[in-house]
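Have a look at the structure below, then the notes.
Read-outs: derived from the displayed coordinates by stated rules, not from any lab. What you see is a predicted model; the values in this text were computed from it and never measured. All Cβ positions, even for glycine, are placed from backbone atoms using ideal geometry, and neighbour counts span all protein chains on display.
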Amino acid sequence: MQDEYPLLPGGIPEREVRQWAMLCHYAAFFGLLVPMIGNVLGPLVLWQLKRESHPFIDQQGREALNFQITYSLAMMLCGVLAWVVIGFPLMALFSLVALALVIIAGIKANSGVPYRYPFCWRLVR
């Protein structure tokens, strides 16, 4: 079972706050424009700009950043494993799972539900 953040005091955040939290997750798609670092830079920049605005944005921005760092490290490991061929299928598998998780996280954040990525190394606290 997924260990989710508890709902923030005061219930569901207002619409604008939820949208910024969703954008923190979807900023990972910046990695399509700037491969290898864009998926981390997108959430990092949005989180740095908006984290003081509301605790929900801070929480979800941190979560998005941590997941993208974990994903990038996994892709680097797959790159090393590509020398023994197993890295290529793993890259495809990890990318599909990451895509699905980012979409789910964005939808949940836009609904005002705090989301925690599974299998995520939480470096940024």
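Please report the relative contact order for the chain, taking Cα pairs under 8 Å with a sequence separation of at least 6, and give it as a percent rounded to a whole number.
34 percent
From the list (1) 2, 12, 24, 26, 22, 12, 3, 0; (2) 2, 12, 21, 24, 18, 11, 6, 3, 2, 1, 0; (3) 2, 10, 18, 21, 18, 13, 9, 5, 2, 1, 0, 0, can you say which value of P(r) over Cα pairs in 5 Å bins from 0, in percent was derived from the structure given?
(2)
222 nm [θ] for the chain, helices only, -39500 (n - 2.57) per DSSP H run of 4+, per residue, to 500?
-21000 deg cm²/dmol
Taking the Cβ-Cβ separation of V113 and M76 as r and a Förster radius of 35 Å, what is the calculated FRET efficiency to the nearest 0.05?
So the FRET efficiency works out to roughly 0.65.
Quote the FRET efficiency, to the nearest 0.05, computed for L90 versus S53 with a Förster distance R0 of 22 Å and r equal to the Cβ-Cβ distance.
Step by step, r from the Cβ atoms, then E = 0.05.
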